[in-house]
Amino acid sequence: NIEEEEAAGYNFIRATNKKSEENLNKATIADWNYASNITDINLEISLNVSAEVAQQDKETWEQVKQFDWKRFSCANLKRQFKFYSVIGNAALPEAEFKALKKHISDMESVYAKAKICDYNNKTNCDLALEPELTAILANSRDEKELKHVWVEWRKALSKCKADYIPYVTLSNQAAKLNNFSDNSELWLLNYEDDTFKDQVQTLWEQVKPLYLELHAYVRFKLREKYGDVVPEKGPIPAHLLGNMWAQTWNNIASFTLPYPDVVDYDITAEMLKQNFTATKIFEVAESFFKSINLTAMPDLFWQRSILEKPKDREIVCHASAWDFYDGKDFRIKMCTDVNYEDMNTAHHEMGHIEYFLQYRNQPTPYRNGANDGFHEAVGDLISLSFSSTKHLRKIGLITSKTDNNEQLLNNLYKIGLEKIAFLPFGYLIDLWRWDIFAGKTTPENYNCKWWELREKYQGLEPPVDRSEEDFDPAAKYHVVADVPYLRYFISFVIQFQFHKAVCEKAGEYEPNNPKKPLHECDIYQNTDAGNALKKMLQMGAAKPWPDAMEALTGQRTMDASGLLEYFKPLHTWLKQENTKNGVQVGWEKSKRVCVR
Ligand SMILES: C=C(C[SeH])C(=O)N1CCC[C@H]1C(=O)O
Ligand SMILES: [Zn+2]
């Protein structure tokens, strides 16, 4: 009968959680070894270990199907069965599973090893994405050099299309074996809400007016700097925004500031002056988390993390945080550069580690974010306090005594160049991939569909004409590495909901008090705020995400009002400035061509 079956179900889940933890540890070690030393032998080992684990996941899957678990009375038990009833790519037969993982690993290897030639010195063809190309995109103001790097990087990655096509086919096969129509459904499962796509579209519509004002202002300033290469009313050429993907624009702040005549805080310069190192960057990040009563990094973190690019081997440089599922071993791998952008990324990565630490005693299936967006939001939430001028002054990275309102607005603008600019990018990546998994976008129009979305949502155009011979999406790590991207759009909205909640708890923000605006809040050393955040983090994925959201914010839905409130002063200023400059908000059709 069902009671006896449920009792057996408890024992099954207890044993399964233990085996799952051991398997996750083994697979993570093998994946770490490949990502931190890209060799054929490490690929071989990682393929074999993950195939073994996938085989065991299939066996568990068959046993889960023997239980009538949907009729169990205990919600917690049902939830764990539900998580084990979907096994993703592991559902594939071994040969297909290994083929899929090899396609992804090979694309990651191309991405990690890609090198291009220096624009100013054709004999040096040893420039990698990190740190060289990232630094050129951030600091060069030579439009021809920027174009060269932008085009050459994409040439180096376009060969990945040959792996991408079977990657799509095999991913969809796995989704169908899990009873989903295509891979996008598997990716959206963790949001546990079949109206989620509509909620995301609504959030985008809420923030789009603010994005359009920022876009119009930045296009005006770029036209001042670069002239006619920037159309007055058309999309912005994508190589001029200070970032290889034009996903965040903070690196062009210096010549586009609202108030260019006030002293600009150059945090990177100050970090260099104070002899910051990669390790010091992570120690500073850790001290913030400790100050609000979250957890210090365990010893193994400092012993086993890779915080700087090694000179003796090829590694996957894209920053990542790793949970080895043994409650003790948590690591970051990052090719850290000493600059303010990487200081924020360090907080971002350590936010993942804090989440791992807070939910490490949960049953294995619950050792995840409440949803993928929550996991991406933790570190950024701390960065919102860290990047306030109040905090930077507190820790000596701003040496002036006080701020005037113009400096405060300049700082808000810099944060807007990161957070507002990102929103359409965070949305369009999976809009492009969902249509591919659904079969609406086929290999014949992968690239031109990509540029259609880049123009429609971001108001960008390529610096040169494109065609279906190109495969520009592969220039982005998450596309070749099979990492869903919607999580970042979600994070960039909910991190402001979380910020509003923790700032109110810290008494750092009062809704109608102009003396305590949201964008000047710093929760540093406030344990009330930290304890409230900790309670949400400890839940992991034990409950649907609205319960976790409610635990911290009192709300059960995502909403952009926190973001809009945080940037209100900037939005007001941008509208005035755009009117004063007589610029047209929005963009006309691009004159660039994409040859199908
Ligand atoms: C830093 C990470 C590792 Se989870 C990352 O991929 N991020 C952080 C923000 C957006 C996204 C990106 O770089 O594209
Ligand atoms: Zn992340």
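Would you point out the residue of segment 514-536, among those that are touching an Asp or Glu at 6+ places or on another chain (Cβ under 8 Å) and not in a helix (DSSP H, G or I), that is surrounded by the fewest Cβ atoms within 10 Å (Cβ to Cβ)?
LYS516
From the set of residues in segment 315-355 that are aromatic (Phe, Trp, Tyr) and within 13 Å of ligand 1 (Cβ to nearest atom), which is surrounded by the most Cβ atoms within 10 Å (Cβ to Cβ)? Spell out the reasoning first.
Residues of segment 315-355 aromatic (Phe, Trp, Tyr): 322, 324-325, 330, 340, 355.
From what's left, within 13 Å of ligand 1 (Cβ to nearest atom): 322, 355.
Details: TRP322: 23, TYR355: 28.
Filtering first and then ranking leaves TYR355.
Return the residue satisfying two criteria in turn: it lies in segment 417-467 and is more than 20 Å from the chain's Cα centre (by Cα) and among the acidic types (Asp, Glu), and of such residues it is farthest from ARG487 (Cα to Cα).
ASP465
Going by the structure shown, is ASP337 farther than 19 Å from ALA529 by Cα, more than 11 Å from ligand 2 (Cβ to nearest atom) and not aliphatic (A, V, I, L, M)?
Answer is yes for this residue.
Going through segment 546-596 one residue at a time, which ones are over 27 Å from LEU533 (Cβ atoms) and either touching a Cys at 6+ places or on another chain (Cβ under 9 Å) or among the basic types (Lys, Arg) (or both)?
If the condition is that a residue be over 27 Å from LEU533 (Cβ atoms) and either touching a Cys at 6+ places or on another chain (Cβ under 9 Å) or among the basic types (Lys, Arg) (or both), then LYS575, LYS580, LYS589, LYS591, ARG592, CYS594, VAL595, ARG596 are the ones that fit.
Anything in segment 64-77 that is within 22 Å of ASN368 (Cβ to Cβ) and surrounded by fewer than 17 Cβ atoms within 10 Å (Cβ to Cβ)? List them, or say none.
LYS70, CYS74, ALA75, ASN76
Mind checking whether some residue in segment 111-128 is modelled with pLDDT of 95 or more, crowded, with 18+ Cβ neighbours inside 10 Å, among the polar types (S, T, N, Q) and touching a helix residue (DSSP H, G or I) at 6+ places or on another chain (Cβ under 8 Å)?
Among the residues of segment 111-128, not one is modelled with pLDDT of 95 or more, crowded, with 18+ Cβ neighbours inside 10 Å, among the polar types (S, T, N, Q) and touching a helix residue (DSSP H, G or I) at 6+ places or on another chain (Cβ under 8 Å), which makes the answer no.
Residue by residue through segment 264-300, note down the ones that are surrounded by fewer than 14 Cβ atoms within 10 Å (Cβ to Cβ), among the aliphatic types (A, V, I, L, M) and out of contact with any Asp or Glu (no Cβ under 7 Å at 6 or more places or on another chain).
Listed by number, the residues that qualify are ALA269, LEU272.
For segment 346-353, state whether one or more residues are touching a residue at least 12 places away in the same chain (Cβ under 8 Å), within 14 Å of ligand 2 (Cβ to nearest atom) and more than 30 Å from ILE252 (Cα to Cα). Full working, then the answer.
Kept after step one, since they are touching a residue at least 12 places away in the same chain (Cβ under 8 Å), are these residues of segment 346-353: 346-353.
Okay, now just the ones that are also within 14 Å of ligand 2 (Cβ to nearest atom), so 346-353.
Retained after the next criterion (residues that are more than 30 Å from ILE252 (Cα to Cα)): 353.
Yes: segment 346-353 contains one or more residues that are touching a residue at least 12 places away in the same chain (Cβ under 8 Å), within 14 Å of ligand 2 (Cβ to nearest atom) and more than 30 Å from ILE252 (Cα to Cα).
How many residues does segment 242-258 hold that are in a loop (DSSP other than H, G, I, E, B) and either under 19 Å from LEU570 (Cα atoms) or in contact with a strand residue (DSSP E or B) (Cβ under 8 Å, 6 or more places away or on another chain) (or both)? Before the answer, list the steps.
To start, the set of residues in segment 242-258 that are in a loop (DSSP other than H, G, I, E, B) comprises 242-249, 256-258.
Adding the requirement that they be either under 19 Å from LEU570 (Cα atoms) or in contact with a strand residue (DSSP E or B) (Cβ under 8 Å, 6 or more places away or on another chain) (or both) leaves 246, 248-249, 256-258.
Going through segment 242-258 one residue at a time, the tally reaches 6.
Just wondering, is there one or more residues in segment 360-369 that are farther than 19 Å from GLU22 by Cα and within 13 Å of ligand 1 (Cβ to nearest atom)?
Initial filter on segment 360-369 (farther than 19 Å from GLU22 by Cα): 369.
With within 13 Å of ligand 1 (Cβ to nearest atom) added as a condition, the list becomes 369.
Yes: segment 360-369 contains one or more residues that are farther than 19 Å from GLU22 by Cα and within 13 Å of ligand 1 (Cβ to nearest atom).
Considering segment 32-74 alone, what residues qualify as being in a helix (DSSP H, G or I), out of contact with any Gly (no Cβ under 7 Å at 6 or more places or on another chain) and in contact (Cβ under 8 Å) with a residue 60 or more places away in the chain? Quick ask: steps written out before the conclusion?
At the first step, the residues of segment 32-74 found to be in a helix (DSSP H, G or I) are 32-35, 40-66, 69-71.
Next cut, out of contact with any Gly (no Cβ under 7 Å at 6 or more places or on another chain) only: 32-35, 40-66, 70-71.
Scanning segment 32-74 gives TRP32, TYR34, ALA35, LEU43, ARG71.
Restricting to helices (runs of 4 or more DSSP H) lying wholly in segment 381-486: which have 2 or more residues that are within 16 Å of ligand 2 (Cβ to nearest atom) and over 29 Å from ILE281 (Cα atoms)? Reasoning before the result, please.
On the way: elements: 389-394, 405-437, 446-453, 477-480.
Here the list reads 405-437.
Which condition number does ASP372 fail, the rest of (1) under 22 Å from ALA112 (Cβ atoms); (2) within 14 Å of ligand 1 (Cβ to nearest atom); (3) charged (D, E, K, R) being met?
Unmet condition: (1).
The values are calculated or read from the model by the stated rules, or taken from the named source; none is laboratory data. Keep in mind it's a predicted model, so treat the numbers as computed, not measured. Neighbour counts run over all protein chains shown; Cβ positions are idealised from the backbone, glycine included.
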